[in-house]
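Okay, so here's the structure we're looking at.
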Amino acid sequence: MTRRIRIGLALGSGGARALAHAGVLEVLENEGLAPDLIAGTSMGAIVGGLYAETADAQETWSRLAVFVEDEDFLKTWQPFVPRGSGENEAQGPVQSLLTSLNRAYIQFRTVTTPNISDQKRLLRPLETMFRARAFDELLLPFAAVGVDLIGGEKVVFTEGDLLNGVYASSAVPGVFPPVMMDGKMIVDGGAPFRVPVNTCRELGADIVIGVTIPAFTSSRPEYKTGLAMAQRCEALASNLLDRYVMEQADAVVRPAVSDHHWADFRGGAAMKKRGAQAAIEALPAIREAVAKAEQSRFGWKSRLRRMFA
């Protein structure tokens, strides 16, 4: 049966954990529920933008695989990954010392410089993944969401330079330089606009499926520094805001990825699998939302036909 409503997909931020979006897209596509439009924040903008260009979940994942295997990009995030995670478990004493020193250097740079990495560390993988260079080259309507550090307002990219919009949405503050545009300082929108549900509606969605990536880890956190406490407070605020936003979605997908570190991009395949599982579990709610929307929008026509039959 031909679908008569437009499904919007809001893909949230979440770093490496948000690679779960690729699994969600695969399930929706296989079930005949592929989105008609997409809005994404941070990693959600990267995954969503790729799908908007290809309209193909498998091709989207193939391009993401290049992204998560980029050694130069991985070096940017490796210092944020705690020792004992993945490759670090096999490190000897010398390598462990070097890792610790590197992490200390990153922490020092974070509090003494505007950003610890240059724009190319993120832009170069984006240039490799995306073939399109403008929003109007995409197959599906797409929005990348960032935030203006000066005014605190949401910034939505839907036209013009595609890579500029995706970069701005993904420019983690303190890690990558912001995009300066029209008097705004635009960075990753993940803190205030983690899952851009309302942006999907603004694009014309009849229903919105929100995919939210957990901000919390599953283990009990340690608060050895004031910075760790401040980061926890930010996560708490973000989690409360996320709950409110997700109440505005018609259906919600919640991949169980909280045990994976947000900066460890080596676990992409596992994240994709968990995203697929979460989407399968959400299918009844998604189908119900589609059915309700179609009934609400088109049910009156059936009633009229019965009245005059």
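The values are calculated or read from the model by the stated rules, or taken from the named source; none is laboratory data. Since this is a predicted model, take the numbers as computed values, not measurements. Here the Cβ is made from the backbone with ideal geometry for all residues, glycine too, and neighbour counts use every protein chain on show. In case anyone asks, the SASA skips ligands and DNA or RNA and just uses the protein heavy atoms, side chains included. Shrake-Rupley method; radii C 1.70, N 1.55, O 1.52, S 1.80 Å.
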Number of positions in the range 156-208 that are in a loop (DSSP other than H, G, I, E, B), farther than 25 Å from Thr54 by Cα and open to solvent by less than 50 Å² (accessible area, probe 1.4 Å): 7
Any idea how many residues of the range 128-180 are touching a Gly at 6+ places or on another chain (Cβ under 6 Å), under 19 Å from Leu19 (Cα atoms) and β-branched (Val, Ile, Thr)? 2
